[in-house]
Amino acid sequence: MIRTPLMNVMTAAVLKAGRGLKRDFGEVSMLQVQRKGPGDFVSLADKRAEQVLYDELSRVRPGYGFVMEESGVIAGADSTHTWHVDPLDGTTNFLHGIPQFAVSVGLERNGEMVAGVIYNPANDELYMAEKGQGAYLNNQRLRVSGRVDLHDAVIGCGIPTLSKGGHQRFMAELGALMPKCSGIRRAGAAALDLAFVAAGRLDAYWERGIHSWDMAAGIVLVREAGGFVTDAKGGEEFIASGEIVAGNEAIQADVLKLVKSA
Ligand code: IPD
């Protein structure tokens with residue numbers, strides 16, 4: 001548990017948004033849903049949760065900017081701080097009644113992700129991390145897994161949906177990894193995939209075509225849990241490129257090598 005003023009305001013906002021999502025998840029079939037594009041649904045719950053996060057965070061930290069999944073970029077008077085907000089990561093899971101979804105909020109300070117909170121209201125798992133303070137799941141300190149052999153590793157991934165490109169490339173990457181590791185998982189919520197890497201449940205995770213709001217909080221969690229995060233070329237441009245490869249030191253390096261050469 002991290003009890004800094006920043007973590008207090010972030011967790012309060014995320015838990016408040018999560019309470020609404022938990023209620024809405026219980027009534028998921030009753031929700032009014034509109035189609036944003038093939039395979040990409042936006043629910044009223046999503047919009048309500050984003051409004052809660054915006055209201056709470058802008059009240060406690062006036063001036064910070066926002067990058068939000070639904071409302072886009074809202075510039076703030078303080079250009080050194082930006083919240084990256086995904087009110088409902090795992091929207092498709094949510095709409096299908098699959099309890100793998102989360103509220104995710106990351107804070108960028110002077111171009112660096114410095115704090116992240118991810119909360120799955122379906123099982124009350126609250127992940128938090130702040131630069132220099134460690135990473136936690138509820139009250140438990142997190143460390144990435146200690147596995148060093150790819151044969152023993154379970155790797156998370158994101159599969160491009162029909163509205164995204166890159167299907168052939170994904171198949172090539174999957175083909176490269178499949179015969180070399182213990183298992184591959186596609187759980188459907190990028191923020192939780194990264195949180196699972198921080199918790200040592202997954203040994204690594206890779207995905208292309210995701211956004212800052214999907215990965216901001218999770219990047220801080222993985223790093224604070226002792227893991228490594230790069231883009232798919234091994235660089236630092238994960239936000240700009242939308243590509244991410246995260247994991248413990250050994251398995252991240254192995255996955256990166258295979259993804260690069262696929
Ligand atoms: C999606 C999920 C999914 C990932 C997609 C994301 P959303 O986020 O994180 O796991 O594969 O790339 O867009 O749309 O549910 O917030």
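Summary of values
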{"item": "Dipole magnitude (debye, nearest 20) for the range 5-141, charges at Cβ of Lys, Arg, Asp, Glu", "result": "220"}
{"item": "Placed amide H near residue 233: partners under 5 Å, 5+ positions off or other chain", "result": "none"}
{"item": "Relative contact order computed over the chain (Cα-Cα under 8 Å; 6+ residues apart), in percent", "result": "18"}
{"item": "In degrees, nearest ten, helix 212-224 long axis to first principal axis of the chain (Cα)", "result": "70"}
{"item": "Dipole-positive endmost among 248, 117, 102 within the chain (Cβ charges, Cα centre)", "result": "102"}
{"item": "Size of charge dipole - the chain - debye, nearest 20, with Cβ of Lys, Arg +1 and Asp, Glu -1, no other charges", "result": "260"}
{"item": "Sum of side-chain charges, residue 233 neighbourhood, beta-carbon under 9 Å (Lys, Arg +1; Asp, Glu -1)", "result": "-2"}
{"item": "Per residue value of the accessible surface for the chain (all protein chains in place, 1.4 Å probe), Å²", "result": "43"}
{"item": "Extension gain (nm, one decimal) between residue 167 and residue 236, 0.36 nm per residue minus Cα-Cα", "result": "22.5 nm"}
{"item": "HN-Hα J in Hz across the range 4-12 - Karplus 6.51, -1.76, 1.60, θ = phi - 60°, x for Gly and Pro", "result": "7, x, 5, 5, 4, 6, 5, 5, 4"}
{"item": "Flagged links, alpha-carbon separation over 22 Å, of 22/47; 180/257; 22/131; 180/260", "result": "22/131"}
{"item": "Apportionment of accessible area to carbon and sulfur, the chain, percent (1.4 Å)", "result": "51"}
{"item": "Fully extended contour minus Cα-Cα distance, from residue 185 to residue 1, at 0.36 nm per residue", "result": "63.4 nm"}
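The values are calculated or read from the model by the stated rules, or taken from the named source; none is laboratory data. Bear in mind that the values here come from a model prediction, so they are computed numbers and not experimental data. Methodologically, a virtual Cβ is constructed for each residue, glycine included, from the backbone with ideal geometry; neighbour enumeration extends over all protein chains shown. We work out accessible area using only protein heavy atoms, side chains counted, and drop any ligands, DNA or RNA first. Shrake-Rupley method; radii C 1.70, N 1.55, O 1.52, S 1.80 Å.
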